[in-house]
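The values are calculated or read from the model by the stated rules, or taken from the named source; none is laboratory data. All values derive from a computational prediction rather than experimental measurement. Cβ placement follows ideal geometry from the backbone for every residue including glycine, while neighbour counts extend to all protein chains displayed. Side chains included, ligands, DNA and RNA excluded: accessible areas come from the protein's heavy atoms. Shrake-Rupley method; radii C 1.70, N 1.55, O 1.52, S 1.80 Å.
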Amino acid sequence: MGLSASLWTGVAGLSVHGDRMGVVGNNIANVNTVGFKGANMYFEDFISQDVNTAGGVGQVGRGVAVGAIYSDFGQGAFETTTEATDLAIGGNGFFKVKVKGQETSYYTRAGNFRFDKDGYLVDPHGYVLQGKAITETTKNPYAAETTSASTTVSQRKGSGAPIDIEIGQFVLEPKHTENVSIITNLDALNGGNNTTHATDPSFALFLTAWNGLNTDEPITEGAYSYQTTLKVYDEGGSSHNLTVYFDQASSAGGYNYWEYIVTIDPAEDKRTYYNGAAWVDMADTSAAGVMMIGTMKFNSAGQLKDMSAFTLAASNASDPGLLSNWKATAINTDGYVTFDPNFSGQSNAGYVVTTAGEKMYLSDAHPIAMDFGLKTSLKDWPWADTAFTAAAYDAGDIGVDATNNIGFGSQYVEYEAFATTSYSGSSSTLFQSQDGYTFGFLQNVTVDRDGILAGRYSNGIIKELYEIQLYDFVNKWGLRREGSNLFSETLESGLAKNDAPNQIGMGSISSNSLEQSNVDMAAEFVDMITTERGFQANSKVITTTDQMLQQVILMKR
């Protein structure tokens with residue numbers, strides 16, 4: 001029995017070493033497979049048989065067995081490619097792909113994805129990469145602002161459950177301008193008070209210089225100190241010139257005051273107003289094209305300390321050319337003054353404040369927030385700190401005394417790092433921006449290290465579309481290999497947990513890169529040699545045992 005057992009011990013050794021050579025061979029075969037993870041086989045002794053010895057019961061081993069085959073999830077090297085949708089994971093995590101139209105899902109480290117004819121981002125088998133959609137949120141700019149005790153800002157941009165990544169938005173819809181920022185320096189020394197008004201010097205540009213009925217030249221060049229223009233966009237994607245005119249107004253209380261008017265082309269002003277009997281087109285008045293009027297308050301050092309802003313009240317009962325119909329404008333929840341141009345003639349648009357001084361948000365309104373470098377933490381005018389009320393106060397209350405400007409109030413003003421100034425230097429535009437755009441066609445996509453897939457459009461806009469999700473497991477060695485660079489979830493692996501790249505232990509994404517096989521050729525050749533020697537040695541056990549049995553048979557002679 002002892003010799004026969006030795007034969008089977010050798011057979012067991014041959015079997016497991018043959019299996020190990022299969023593992024080594026598979027590793028070497030996939031040395032150039034994208035995202036391949038090698039495997040290692042570990043042996044264990046098979047069983048031990050009790051035998052009687054002079055010293056008691058002993059044990060004799062009866063062979064070897066495969067103890068475990070573990071995948072090697074070590075990081076593979078990156079190969080640079082020319083495709084933005086070639087993605088490599090640096091660190092922990094797997095991509096998740098799903099069979100299109102089904103719930104069957106797999107996990108992979110191979111990031112060679114492409115868009116198919118339907119716009120889905122798929123792997124070579126047509127399985128769709130999973131991510132979270134990034135949606136733009138639209139808020140009422142005058143709604144009550146809610147605050148949270150937490151000040152933590154999440155870097156995650158995707159929302160909802162992971163879905164198929166599909167680029168169906170090959171045409172980017174136009175977006176109307178919502179925010180305008182204009183930062184200038186207004187020449188304190190040579191700016192000049194080019195237009196004056198005897199009773200309302202803070203609004204001389206509006207009352208004297210501007211004539212919206214003259215659409216070719218509503219204001220003459222010498223009537224103001226400085227002007228700056230930028231393009232804004234309406235809801236249909238059409239561009240319009242927005243021009244702000246500045247002029248020195250007066251000095252009072254140790255401060256210098258400049259007036260400004262925010263204007264558009266009078267011919268493009270589609271607002272209407274109620275004159276007490278009927279709705280009248282603004283284009284038929286001298287105030288056509290004027291969106292907002294106001295003042296800026298500078299200290300002797302040329303720093304902007306406060307400002308005022310007025311817009312035409314809705315349903316005013318008289319001439320829009322009268323200052324009494326211009327109310328302190330609405331301030332949005334970010335603390336900026338606003339106005340509402342009406343380029344397309346919408347019936348429920350064109351105003352951000354009522355005759356009673358109340359904030360409005362008409363159903364078709366597209367208000368624009370104006371940033372000169374100041375905003376208010378109060379998110380409203382400080383009526384409680386003044387002798388005025390929103391209903392009673394208007395631009396006509398300032399008169400010749402510039403200190404009647406209520407402004408934001410010094411205790412509520414928030415100064416930005418980059419703000420309009422009034423230094424003794426030539427007037428100039430230091431910075432201007434706006435966030436609207438016309439329609440555009442998708443030209444290409446990019447993916448950043450946080451997994452944000454963004455589309456680049458012909459109008460110059462880069463829009464974030466999806467946040468690619470990564471998945472990890474408590475026991476990733478329990479995953480089942482399905483072939484084709486795919487793994488599937490098992491009971492041993494546990495449930496997958498997903499998160500954005502660079503979050504809570506997840507790796508980062510490298511675009512234009514592919515993770516190569518992590519197989520080490522040198523190590524595999526060493527394993528091949530040791531496996532071969534082990535196989536030879538076990539075969540020698542069989543041949544030697546056979547010779548011993550042969551010798552036993554020869555004893556009969």
(request) Mind counting the residues in region 419-446 that are in contact with a Gly (Cβ under 6 Å, 6 or more places away or on another chain) and open to solvent by 50 Å² or more (accessible area, probe 1.4 Å)? (result) 2
(message) Quick check on my filter: what residues within region 363-399 are in contact with a Leu (Cβ under 9 Å, 6 or more places away or on another chain) and of a type outside the set (Asp, Glu)?
(response) Ile368, Phe372, Gly373, Leu374, Ala395, Gly396, Ile398
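Looking at Thr177, Thr184, Thr195, which one is in contact (Cβ under 8 Å) with a residue 60 or more places away in the chain, more than 30 Å from Gly455 (Cβ to Cβ) and open to solvent by less than 50 Å² (accessible area, probe 1.4 Å)?
Details: Thr177 fails: more than 30 Å from Gly455 (Cβ to Cβ); Thr195 fails: in contact (Cβ under 8 Å) with a residue 60 or more places away in the chain.
Among Thr177, Thr184, Thr195, only Thr184 is in contact (Cβ under 8 Å) with a residue 60 or more places away in the chain, more than 30 Å from Gly455 (Cβ to Cβ) and open to solvent by less than 50 Å² (accessible area, probe 1.4 Å).
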(request) Could you please tell me which pairs satisfy a Cβ distance under 6 Å, a separation of 6+ or placement on different chains, a first residue in region 351-368 that is closer than 14 Å to Met291 by Cα and without any contact (Cβ under 8 Å) to a residue 40 or more places away in the chain, and a second residue that is hydrophobic (A, V, I, L, M, F, W, C) and assigned to a loop (DSSP other than H, G, I, E, B)? (result) Ala365/Ala349
(request) Only residues that are farther than 16 Å from Ala249 by Cα and surrounded by 22 or more Cβ atoms within 10 Å (Cβ to Cβ): list them for region 286-309, please. (result) Ala287, Ala288, Gly289, Val290, Met291, Met292
(request) Could you tell me whether Thr272 is open to solvent by 40 Å² or more (accessible area, probe 1.4 Å), within 24 Å of Ile368 (Cα to Cα) and in contact (Cβ under 8 Å) with a residue 12 or more places away in the chain? (result) yes
(request) Taking Asn518 as the residue in question, decide whether it is under 30 Å from Tyr120 (Cα atoms), of a type in the set (S, T, N, Q), modelled with pLDDT of 90 or more and assigned to a strand (DSSP E or B). (result) no
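Considering only residues of region 522-537 that are polar (S, T, N, Q) and at pLDDT below 85, which is nearest to the chain's Cα centre (by Cα)? Break it down stepwise before answering.
Let us first name the residues in region 522-537 that are polar (S, T, N, Q), namely 530-531, 536.
With at pLDDT below 85 added as a condition, the list becomes 531, 536.
Details: Thr531: 52, Gln536: 61 Å.
Looking at residues that are polar (S, T, N, Q) and at pLDDT below 85, I get Thr531.
So, in region 343-356, how many residues would count as being buried (at least 20 other Cβ atoms within 10 Å of the Cβ) and in contact with a strand residue (DSSP E or B) (Cβ under 9 Å, 6 or more places away or on another chain)?
Initially, region 343-356 is screened for residues buried (at least 20 other Cβ atoms within 10 Å of the Cβ), giving 343, 349-353.
Next, from what is left, pick out any that are in contact with a strand residue (DSSP E or B) (Cβ under 9 Å, 6 or more places away or on another chain): 343, 350-353.
Counting residues in region 343-356 that are buried (at least 20 other Cβ atoms within 10 Å of the Cβ) and in contact with a strand residue (DSSP E or B) (Cβ under 9 Å, 6 or more places away or on another chain) gives 5.
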(message) Give all pairs with beta carbons closer than 6 Å in which a residue from region 1-22 that is farther than 16 Å from Thr545 by Cβ meets a residue that is part of a helix (DSSP H, G or I) and open to solvent by 60 Å² or more (accessible area, probe 1.4 Å); count only pairs at least 6 apart in sequence or on separate chains.
(response) His17/Phe535
(message) Among the residues that make up region 375-395, is at least one of them over 28 Å from Pro266 (Cα atoms), in contact (Cβ under 8 Å) with a residue 40 or more places away in the chain, part of a loop (DSSP other than H, G, I, E, B) and open to solvent by less than 20 Å² (accessible area, probe 1.4 Å)?
(response) yes
(request) Only residues that are within 29 Å of Asp448 (Cβ to Cβ), of a type outside the set (S, T, N, Q) and loosely packed, with under 15 Cβ neighbours inside 10 Å: list them for region 477-498, please. (result) Leu495, Lys497
(message) Which count do you get for residues in region 301-342 that are touching a helix residue (DSSP H, G or I) at 6+ places or on another chain (Cβ under 6 Å) and modelled with pLDDT of 95 or more?
(response) 1
(message) Here's a check for you: in region 326-341, which residue that is polar (S, T, N, Q) and in contact with a strand residue (DSSP E or B) (Cβ under 6 Å, 6 or more places away or on another chain) is nearest to Gly407 (Cα to Cα)?
(response) Thr329
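Please work out which residue is nearest to Asp448 (Cα to Cα), limiting yourself to region 499-515 and to residues that are of a type outside the set (Gly, Ala, Ser) and either surrounded by 18 or more Cβ atoms within 10 Å (Cβ to Cβ) or under 18 Å from the mean Cα position of the chain (by Cα) (or both). Let's see the steps before the verdict.
We begin by selecting, within region 499-515, every residue of a type outside the set (Gly, Ala, Ser); these are 499, 501-504, 506, 509, 512, 514-515.
Narrowing further to those that are either surrounded by 18 or more Cβ atoms within 10 Å (Cβ to Cβ) or under 18 Å from the mean Cα position of the chain (by Cα) (or both): 499, 501-503, 506, 509, 514-515.
Details: Asp499: 15, Pro501: 10, Asn502: 11, Gln503: 14, Met506: 15, Ile509: 7, Leu514: 14, Glu515: 16 Å.
The qualifying residue nearest to Asp448 (Cα to Cα) is Ile509.
Looking only at region 403-415, decide whether some residue is aliphatic (A, V, I, L, M), open to solvent by less than 70 Å² (accessible area, probe 1.4 Å) and touching a Gly at 6+ places or on another chain (Cβ under 7 Å). So that I can check it myself, show each step before the final result.
Quick first cut of region 403-415, residues aliphatic (A, V, I, L, M) only: 406, 413.
Subsequent filtering for residues that are open to solvent by less than 70 Å² (accessible area, probe 1.4 Å) retains 406, 413.
Now drop any that are not touching a Gly at 6+ places or on another chain (Cβ under 7 Å), which leaves none.
Scanning region 403-415 turns up no residue that is aliphatic (A, V, I, L, M), open to solvent by less than 70 Å² (accessible area, probe 1.4 Å) and touching a Gly at 6+ places or on another chain (Cβ under 7 Å).
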(request) Assess whether Lys540 counts as being modelled with pLDDT under 95, farther than 16 Å from Asn92 by Cα and in a loop (DSSP other than H, G, I, E, B). (result) no
